[in-house]
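Here the structure comes first, spelled out in structure tokens, and everything after it is commentary.
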Amino acid sequence: MILSQGPSTDRASRRARVLTNHILCSPSQPASPAMQPSPCLSYSPPELHEQFDFDVKEMRRLLDDHNVEDRDWLFGLMMQSKLFGRRERGGRLFVGPDYNQSMEQQREMTMKRIAYLRERGVFDGWMTRKGVEFDLKKFAFFEVFAIYDHSLSVKLGVHYFLWGGAIQFFGTKRHHDKWLTDTENLAIKGCFAMTELGHGSNVRGIETVTTYDSNTGEFIINTPCESAQKYWIGGAAMHATHTIVFSQLNINGTNQGVHAFIAQIRDADGNICPNIRIADCGHKIGLNGVDNGRIWY
Ligand SMILES: Cc1cc2nc3c(=O)[nH]c(=O)nc-3n(C[C@H](O)[C@H](O)[C@H](O)COP(=O)(O)OP(=O)(O)OC[C@H]3O[C@@H](n4cnc5c(N)ncnc54)[C@H](O)[C@@H]3O)c2cc1C
């Protein structure tokens, strides 16, 4: 019988050679390139030997672009606290959140980190100071939060940029005087209720209705159907005390289109206000340090 030469006979003869070497206790010969040690086994991370072909500080300035010292100050604050998960690797200090914590623990840690940063003045002027220089510093800080953990940046972004920003840009002096300082200090915690179960990108079609009662001078907010429930609202499930509500404004039976209202949803002790129902959106694939919720009025 003539054996055809091919991959199966190659494999059989290689196996026979390995077995023979093994039985004779001789060191095995590399039989094929596939048995060579992989080059990645000798890989050493560049940060361990610190030899770069470029100036690391220049690269950092190029990438960060502005407020580099402010960013370093903020990273330094994080390094000083155990809240930010400081640890040492290869002789270097790092901070990073523990994503193995439960959803409840991650939410609690986000709030503790925010309280720590507030006590050290990180948010001073965020709602009350104006000017391009200060805005750039704020954005630099925001990038630092996002590099550290998206839950931290999103939780702060909802409070300062969505809730606070809506008051700044839709509100008048009356609203600014009443809300901006308390927002800056986190004496109140704001959220932003625009999206509904049935309406995301199509904000014009939202179904929440606010009716003006000319007898009492009140605006009455109502969720008329299940698809009008506010959905995905960051901060609503646990911590927010106030919200911006987007709704159709009805005056004397005429729809005036989408308008924004400020509404309290919890008291200072965290109790949900009367005639408001809130549910928790629960676990997400990521971002579990943010308490997204559903609201019915
Ligand atoms: C983690 C998380 C947090 C959130 N937090 C908040 C919050 O705090 N407050 C809040 O109000 N909302 C919040 N949202 C809701 C978010 O803003 C909406 O998800 C978003 O507006 C998109 O709406 P949708 O998910 O219903 O998608 P849809 O509007 O249904 O869109 C689905 C897809 O269709 C595309 N599409 C939609 N309309 C058009 C069109 N006209 N032309 C072409 N393509 C189109 C979209 O690009 C998308 O790819 C949050 C969402 C998530 C996931």
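The values are calculated or read from the model by the stated rules, or taken from the named source; none is laboratory data. Since the structure is predicted, the reported quantities are computational estimates derived from the model, not experimental observations. When we count neighbours, we look across all protein chains shown, and the Cβ atoms used for this are built from the backbone with ideal geometry, even at glycine. Heads up: the accessible areas ignore ligands, DNA and RNA and are worked out on the full protein's heavy atoms, side chains in. Shrake-Rupley method; radii C 1.70, N 1.55, O 1.52, S 1.80 Å.
Observations on the structure shown:
- Restricting PHE52, PHE75 to those that are part of a loop (DSSP other than H, G, I, E, B) and open to solvent by less than 100 Å² (accessible area, probe 1.4 Å) reduces the list to PHE52.
- With respect to the stated conditions, PHE246 fails to be touching a residue at least 12 places away in the same chain (Cβ under 8 Å), of a type outside the set (A, V, I, L, M) and in contact with a Leu (Cβ under 7 Å, 6 or more places away or on another chain).
- Test: residue in segment 243-250 that is touching a Cys at 6+ places or on another chain (Cβ under 6 Å) and either among the hydroxyl-bearing types (Ser, Thr, Tyr) or within 16 Å of the ligand (Cβ to nearest atom) (or both): yes
- Test for LEU117: is it within 21 Å of HIS242 (Cα to Cα), part of a helix (DSSP H, G or I) and under 22 Å from the mean Cα position of the chain (by Cα): no
- Test result for MET109, part of a helix (DSSP H, G or I) and buried (at least 16 other Cβ atoms within 10 Å of the Cβ): yes
- In the set GLU218, GLU226, only one residue is of a type in the set (Asp, Glu), more than 13 Å from the ligand (Cβ to nearest atom), touching a Leu at 6+ places or on another chain (Cβ under 7 Å) and open to solvent by 60 Å² or more (accessible area, probe 1.4 Å); that residue is GLU226.
- Selection count where residues are within 15 Å of the ligand (Cβ to nearest atom) and on the phi > 0 side of the Ramachandran plot, scope segment 253-297: 2
- Those residues of segment 203-215 which are among the hydroxyl-bearing types (Ser, Thr, Tyr) and under 22 Å from HIS242 (Cα atoms), in sequence order: THR208, THR210, THR211, TYR212
- Complete set of residues in segment 239-297 that are among the small types (Gly, Ala, Ser) and open to solvent by 50 Å² or more (accessible area, probe 1.4 Å): GLY253, ALA268
- For SER201: the one exception among (1) among the polar types (S, T, N, Q); (2) outside the structural domain of GLY289 (by TED's automatic domain parsing); (3) under 30 Å from THR254 (Cα atoms); (4) within 12 Å of the ligand (Cβ to nearest atom): (2)
- Test: PHE94 is modelled with pLDDT of 95 or more, surrounded by fewer than 20 Cβ atoms within 10 Å (Cβ to Cβ) and touching a strand residue (DSSP E or B) at 6+ places or on another chain (Cβ under 9 Å): no
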